[in-house]
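Got a structure for you, questions after.
The values are calculated or read from the model by the stated rules, or taken from the named source; none is laboratory data. This one's a predicted model, so the numbers in the text were calculated from it and none came from an experiment. Note that each Cβ is placed from the backbone with ideal geometry, even for glycine, and that neighbours are counted across all protein chains shown. Accessible surface is based on the protein model in full, side chains and every heavy atom, while ligands, DNA and RNA are left aside. Shrake-Rupley method; radii C 1.70, N 1.55, O 1.52, S 1.80 Å.
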Protein chains: 2
Amino acid sequence: MAAVSVRDVAALAGVSLGTVSNVLNTPDRVSPATQKRVLDAIEKLGFVRNDAARQLRAGRSRSIGLVVLDIGNPFFTDLAEGAEDRAAEAGFALLLGNSHGTAARETRHLELFEEQRVRGMLISPVGEIEPQLARLRSRGIPSVLVDRSIADQSFSSVSVDDVAGGMLAVNHLLDVGRRRIAFVGGPTRIHQVSDRLEGASRAISAVTGATLEVLSTEALTVLEGRRIGAALVDRPPAVRPDAVFAANDLLATGLLQALTMLNGVRVPDDIALVGYDDIAFASTAVVALTSIRQPSALLGRTAVELLLAESEAAEGHEPRQVVFTPELVVRESTAP
Amino acid sequence: MAAVSVRDVAALAGVSLGTVSNVLNTPDRVSPATQKRVLDAIEKLGFVRNDAARQLRAGRSRSIGLVVLDIGNPFFTDLAEGAEDRAAEAGFALLLGNSHGTAARETRHLELFEEQRVRGMLISPVGEIEPQLARLRSRGIPSVLVDRSIADQSFSSVSVDDVAGGMLAVNHLLDVGRRRIAFVGGPTRIHQVSDRLEGASRAISAVTGATLEVLSTEALTVLEGRRIGAALVDRPPAVRPDAVFAANDLLATGLLQALTMLNGVRVPDDIALVGYDDIAFASTAVVALTSIRQPSALLGRTAVELLLAESEAAEGHEPRQVVFTPELVVRESTAP
DNA sequence: TACCACATTTAAAACGTTTCATAAAGCGCC
DNA sequence: GGCGCTTTATGAAACGTTTTAAATGTGGTA
């Protein structure tokens, strides 16, 4: 019930409280004998540092804020997991904020975390947030942007190259001999969708005789995938694509359901299929799904890394943009 | 760049710093005119409370620790989301810790959070953790246990009644006229599995002529579900069950794949199927899956609620055990 | 006019650390 | 034996709040 402070430890060990602090922070400066006495006292009393006091004096805390668009989205869950792991390794606590995609909540979390005087913010922004982050920076709180193509290079960021991902997917389809390829995805105002399509187009352009048909969807859902899949089954085989690149795994799953259920079309024999995100279900679909994997956890770890670097560094630290390249995971749905 | 403190605000507003604090905490005590001047100054300087100092003086922080077994598990993700929402509403920050099911990491997080002097811990424990929590409690840090059948009633807890869930599932199958029911799940040392089976048994016992066959699995995975499903397809129709209750949705998904793919068995006509957890994919399976939904987010919200109550209350606060009843979500896979 | 009650404001102490300047002690060397 | 040097330990100040007791001002009442 009683809070144990350095003072109590000092009293029990028969030293001054400054010495206790030295044992904790700069053990080299204190003799082995004294050190032992102090450590014994700490052990005996079960002393645990009060980070608030530490932070107050030191001016810097040992926590990091993470604000994500939607913690329910596996991408962000994995990212949070990676960030938390790295933070814990460095002895930092991770404050989690879920903005649910709304600017108001995002701002609320930034305020809450600023009150906590976090070492810095990791944020996947909803809207225009640069002004807020600039203000925080002027207060000595750095930020790292997550998963966004940033015009403003004045902040550090981590992201994944969706154009490269699109190329990866379509190049793979071309490699396994497909030429009439369809892209399924939308709406294109989602920049991930347009980037993946852009990558697909580039890959197609490099190969003569290869064509790309774009089938637009209203959303990136299983249902939309099923709808497009049913439409493909209805087509005469001659005008069907021989491969489909879906903008995410949900669409791909829906496509797969429609194609295999209706039994007119075999995957991969008639139509090869590539998804995107490599969600847990991709590998356990009726036909295991080839997909593009994003290194989400690594993104989180790296974001923490950049943040700590920026926080340690002197004033004029150069922000860094780290762009990861996604990875192709080949499974049955495109097996030759 | 300079940190703005109450002192600066006081100077600009031409009042003492005690008055600034009063404006922030007990506005009734300060005249409207002064209040306005102070608020203007706060606005102008962009003053943000330093929670470390606040906490140091007040002895209590404005953050809550959450340690989960596996943040990648949708159940815990939803729970964390609910907890975070509720915490944010109350002006609290949520510290997230992922124990990955290992006791060492769990302990590490508890230490880290204790250093932060969190208001309390929310924890889904890995192993025997009562001693650690008892120690924390003696230090004035309460805990709420999450999702566990606790022998020790001395801690508050939130959990879901898996026995009730099992009954719910099987009663539904009985309601739609099925009598030869199979339970698919395992290993039974997982208490969720044994509880759900227990519920299933009870429901069966209440109806004469109903039988329950138990098909054991090594793990709760899609693959295992597919294995059992294939075995069922191989049986002569006469000795097949007319309904299956799977211990979770992954198993159910595997079962569904095997049953519908091999085309010998129709769902729900020949075999009705109920899963458990109501994961996102349940509703978009080839045959939309009837499942048992756990109120994960509500669990998280409630856990925060209990924690705050305990933290506000006087010394001898009675711990509370809240047990939620899961909910049946009927879809195609059992449609009459 | 003198006094009191009340509303408002102030000044100072306290929270538990870290840090810094300084003191004490031990030691080798001339 | 005194000197400087290094190692080790100390005490006090400081971080930014909240809180408490005391001070100040205002108006009403005797």
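Enumerate the strands (runs of 3 or more DSSP E) found wholly within segment A:161-259, keeping only those where 3 or more residues are assigned by TED's automatic domain parsing to the domain that holds residue A:289 and open to solvent by 60 Å² or more (accessible area, probe 1.4 Å).
A:211-216
Then there is this: Does segment A:177-197 contain any residue that is of a type in the set (Ser, Thr, Tyr) and within 14 Å of chain B (Cβ to nearest Cβ)?
Keep residues of segment A:177-197 that are of a type in the set (Ser, Thr, Tyr), which gives A:188, A:194.
In the following step, the residues that additionally are within 14 Å of chain B (Cβ to nearest Cβ) were identified as none.
No, every residue in segment A:177-197 fails to be of a type in the set (Ser, Thr, Tyr) and within 14 Å of chain B (Cβ to nearest Cβ).
Further question: Only residues that are open to solvent by 30 Å² or more (accessible area, probe 1.4 Å) and at the interface with another protein chain (Cβ under 7 Å from one of its Cβ atoms): list them for segment B:68-77, please.
The answer is B:72, and nothing else.
Please specify each residue of segment A:70-94 satisfying the condition of being in contact with a strand residue (DSSP E or B) (Cβ under 8 Å, 6 or more places away or on another chain) and either under 20 Å from residue A:276 (Cβ atoms) or more than 16 Å from DNA strand C (Cβ to nearest atom) (or both).
A:70, A:71, A:76, A:79, A:80, A:81, A:83, A:84, A:85, A:87, A:88, A:94, listed by residue number.
Further question: How about segment B:86-110: which of its residues are more than 7 Å from chain A (Cβ to nearest Cβ), open to solvent by 10 Å² or more (accessible area, probe 1.4 Å) and in a helix (DSSP H, G or I)?
Answer for segment B:86-110, where residues must be more than 7 Å from chain A (Cβ to nearest Cβ), open to solvent by 10 Å² or more (accessible area, probe 1.4 Å) and in a helix (DSSP H, G or I): B:86, B:89, B:103, B:104, B:105, B:107.
Taking the conditions exactly as written (within 13 Å of DNA strand D (Cβ to nearest atom), within 24 Å of residue A:110 (Cα to Cα) and either of a type outside the set (D, E, K, R) or open to solvent by less than 60 Å² (accessible area, probe 1.4 Å) (or both)), does residue B:4 satisfy them or not? Outline the logic, then answer.
On the way: within 13 Å of DNA strand D (Cβ to nearest atom): yes; within 24 Å of residue A:110 (Cα to Cα): yes; either of a type outside the set (D, E, K, R) or open to solvent by less than 60 Å² (accessible area, probe 1.4 Å) (or both): yes.
Here the answer is yes, as residue B:4 does meet what is asked.
Any residue in segment A:216-233 that's away from every other protein chain (no Cβ under 12 Å): show its pairings with residues that are in a loop (DSSP other than H, G, I, E, B) and open to solvent by 50 Å² or more (accessible area, probe 1.4 Å) at Cβ separation under 6 Å, as long as the two are six or more apart or on different chains.
A:233/A:262
Looking only at segment B:1-22, count every residue that is more than 8 Å from DNA strand C (Cβ to nearest atom) and more than 16 Å from residue B:50 (Cβ to Cβ) and tell me the total.
Final tally of qualifying residues: 3.
Shifting gears a bit: When you go through B:55, B:35 one by one, which is the residue that is open to solvent by less than 30 Å² (accessible area, probe 1.4 Å), within 11 Å of DNA strand C (Cβ to nearest atom) and not in a loop (DSSP other than H, G, I, E, B)?
B:55
Sort through B:139, B:135, B:148 and tell me the only one that's closer than 18 Å to residue B:67 by Cβ, open to solvent by 50 Å² or more (accessible area, probe 1.4 Å) and touching a strand residue (DSSP E or B) at 6+ places or on another chain (Cβ under 7 Å). So that I can check it myself, show each step before the final result.
Values: B:139 fails: touching a strand residue (DSSP E or B) at 6+ places or on another chain (Cβ under 7 Å); B:135 fails: touching a strand residue (DSSP E or B) at 6+ places or on another chain (Cβ under 7 Å).
Unique residue meeting the criteria: B:148.
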